[in-house]
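Chemist: One structure is given below, represented as structure tokens, and several questions about it will come after.
Values in this text are rule-based calculations from the coordinates and carry no lab data. On a predicted model such as this, the values are computed, not experimentally measured, just so you know. For neighbour counting, all protein chains shown are included, and Cβ atoms are generated from backbone atoms with ideal geometry for every residue, glycine included.
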Amino acid sequence: MNNGKYMRIEINNRTKKKINSSFIKGLVNKFVAEYQVKGEELSIAFVSDAEIKKLNRIYRDKSEPTDILSFAGEGELWGELIIDYDQIKRQAGQFGNSAREELIFILVHGLLHLLGYDDETEKDRQKMMEMGEQFMENLKFCN
């Protein structure tokens with residue numbers, strides 16, 4: 001169990017994009033504290049459209065890029081998140097968000113998946129959206 005300690009977070013940036021690792025680690029640790037996450041370690045990889053499209057086809061049988069893939073871990077590894085930053089930037093434009101806001105939202109969404117939530121039904125998707133928005137609203141008061 002995490003017991004209030006900071007989670008070990010490995011960030012593997014496989015893109016040419018500049019990623020603010022300390023911001024991401026801080027966000028994840030706020031989430032971990034808020035949800036009392038059990039686990040010691042999280043792996044986050046930033047990948048290209050081509051790489052996430054390939055992984056999405058293998059694991060979800062969908063031949064298209066996606067913003068994030070979440071994989072539950074075992075033992076000390078809480079899980080792994082694979083993020084396509086280019087897809088997040090495209091979505092930010094579609095939803096009228098900054099790339100940073102969209103990244104936060106998608107990262108929180110992936111973390112909720114690691115807690116066991118899914119978005120296979122509209123009701124479940126709405127619940128995850130509300131939880132993500134609430135967490136982000138709480139973050140505003142922490143910064």
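Chemist: Quick check on my filter: what residues within region 9-20 are free of Cβ contacts under 8 Å to residues at least 60 places away in the same chain and surrounded by 15 or more Cβ atoms within 10 Å (Cβ to Cβ)?
Modeler: Once the filter is applied, which keeps residues that are free of Cβ contacts under 8 Å to residues at least 60 places away in the same chain and surrounded by 15 or more Cβ atoms within 10 Å (Cβ to Cβ), region 9-20 yields I9, I11, N13.
Chemist: Please verify whether F46 is closer than 12 Å to L107 by Cα and surrounded by fewer than 17 Cβ atoms within 10 Å (Cβ to Cβ), treating the condition exactly as stated.
Modeler: no
Chemist: Give the residue that is surrounded by the fewest Cβ atoms within 10 Å (Cβ to Cβ), with candidates limited to residues of region 67-99 that are among the aliphatic types (A, V, I, L, M) and within 15 Å of F46 (Cα to Cα).
Modeler: Once the filter is applied, the top-ranked residue is A99.
Chemist: Just to be sure, is A45 part of a strand (DSSP E or B), under 27 Å from Q94 (Cα atoms) and among the aliphatic types (A, V, I, L, M)?
Modeler: For A45, the condition - part of a strand (DSSP E or B), under 27 Å from Q94 (Cα atoms) and among the aliphatic types (A, V, I, L, M) - is met.
Chemist: For E51, work out the one condition from (1) in contact (Cβ under 8 Å) with a residue 24 or more places away in the chain; (2) assigned to a loop (DSSP other than H, G, I, E, B); (3) not aliphatic (A, V, I, L, M) it doesn't fulfil.
Modeler: (2)
Chemist: Identify, please: which residue in region 99-143 is touching a residue at least 24 places away in the same chain (Cβ under 8 Å) and of a type in the set (F, W, Y) and is, among those, farthest from A72 (Cα to Cα)?
Modeler: F135
Chemist: Follow-up question, since we're still on this one. D61: of a type in the set (D, E, K, R), in contact with an Asp or Glu (Cβ under 6 Å, 6 or more places away or on another chain) and surrounded by fewer than 19 Cβ atoms within 10 Å (Cβ to Cβ), yes or no?
Modeler: no
Chemist: Please go through region 31-76 and pick out each residue that is closer than 15 Å to L112 by Cβ and hydroxyl-bearing (S, T, Y).
Modeler: The answer is Y35, S70.
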